[in-house]
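Q: Can you keep this structure in mind? I'll have questions shortly.
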Amino acid sequence: AIATSTNKWKVTANSIVLDDNSLAYMVTNKPETKNAFDASHLKYSHLTLDATDLLYSSEATQVKINEFSAIDQNQFSITKFETEFSMDQHSITLKKLNAATTNSSITADLNIQYNSLKSLKDSLPFLVLNLNLEDVSIKNADVLYFSPQLIKQPFFKNKTTITTISGKVNGKMNNLKGESMVIKTGLGTLLKTDFSITGLP
């Protein structure tokens, strides 16, 4: 349903289902990056989506994604993406996030709070982050797909290295606190700690 008035409109949908679709977004006047994520050249195949309770308006957006999967032009595969997403003028929330690629996975809850969307870029130090990382497993190959320049760092030379993370991170970006953090990487590096980081970003 679509409702319109002088300056406001609203889109709602009880259910959205896509089964084995294709989707492309191409900015033709920009050179294409090969074998890495390229936001200007997106081609997805085998795209499956099952979403419910969509609300999209100028004030707020929310949707429950029950299932999403897709493969891009470089064969990078999103095998799972489930969450309850909501965004308004002052916050973004991903509840019950359960996402996976062929190599990595994340189970978490995320909430970001800010003064306004317009001021978000200029007020990053005061952005409030509430992050509950239940189970995160990230393979270096996936990080390098989105940030190829990191291959210059010794840690990323081995693309098969897997890092696992759990714990909670809360606070303003310029004064973050970590609680019950457990970080394990490689064969023998294990860190269990609470922490405080000031001065970001």
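The values are calculated or read from the model by the stated rules, or taken from the named source; none is laboratory data. Model, not experiment: these values are computed from the prediction. Please note: Cβ atoms are built from the backbone with ideal geometry, for glycine as well, and neighbour counts cover all protein chains shown. Each accessible area value is taken on the protein alone, full model and side chains, heavy atoms only, with ligands, DNA and RNA left out. Shrake-Rupley method; radii C 1.70, N 1.55, O 1.52, S 1.80 Å.
Q: For the stretch 101-175, what class follows from the C-alpha gyration tensor (a ≥ b ≥ c being the square roots of its eigenvalues): rounded when a/c is under 1.5, otherwise prolate if a/b is larger than b/c, else oblate?
A: prolate
Q: Please list I162, I71 from largest to smallest accessible area, probe radius 1.4 Å, with all protein chains kept in place.
A: I162, I71
Q: Here is a further query. Would you mind calculating the relative contact order of the stretch 1-132 from Cα pairs under 8 angstrom and at least 6 residues apart, reporting the percent as a whole number?
A: After rounding, I find 15 percent.
Q: If you don't mind, there's one more thing I want to ask. Under 16 Å Cα-Cα from K96, which lysines qualify once same-chain neighbours fewer than 8 residues away are excluded?
A: K64, K80, K168
Q: Separate question: Could you work out the pair-distance distribution P(r) of the chain from its alpha-carbon pairs, with 10 angstrom bin width and percents rounded to whole numbers?
A: So the P(r) values, bin by bin, are 8, 23, 36, 26, 6, 1, 0.
Q: Over all distinct alpha-carbon pairs, what is the Kirkwood Rh of the stretch 61-156 in angstrom?
A: Its Kirkwood hydrodynamic radius stands at 15.2 Å.
Q: Whole Å is fine, so just give me how far the alpha carbon centre of the stretch 52-96 lies from that of the stretch 104-154.
A: Taking the Cα centre of each part, the stretch 52-96 and the stretch 104-154 sit 15 Å apart.
Q: Hey, another quick one. Rounded if a/c is under 1.5, else prolate if a/b is larger than b/c, else oblate: which is the stretch 1-77, with a ≥ b ≥ c the root eigenvalues of its Cα gyration tensor?
A: Note, shape of the stretch 1-77 comes out oblate.
Q: Do me a favour and compute the ellipsoid semi-axes for the stretch 8-51 from its Cα gyration tensor, root of five times each eigenvalue, largest one first, whole Å.
A: Equivalent ellipsoid of the stretch 8-51: 27, 16, 7 Å, largest first.
Q: Then there's this: So what's the back-of-envelope 222 nm ellipticity for the chain, counting only DSSP H runs of four-plus at -39500 (n - 2.57) apiece and dividing by all residues, rounded to 500?
A: So the calculated ellipticity at 222 nm is -1000 deg cm²/dmol.
Q: Also: List the lysines whose alpha-carbon lies under 20 Å from that of K30, not counting same-chain residues fewer than 8 positions away?
A: Cross-link targets: K43.
Q: Given labels modelled 7 Å from the Cα in the Cβ direction, how far is it in nm from E59 to D122?
A: In this crude label model, E59 to D122 measures out at 2.6 nm.
Q: A follow-up question, please. With the contact rule set at Cα under 8 Å and sequence spacing of 6 or more, what percent relative contact order holds for the stretch 68-201?
A: 16
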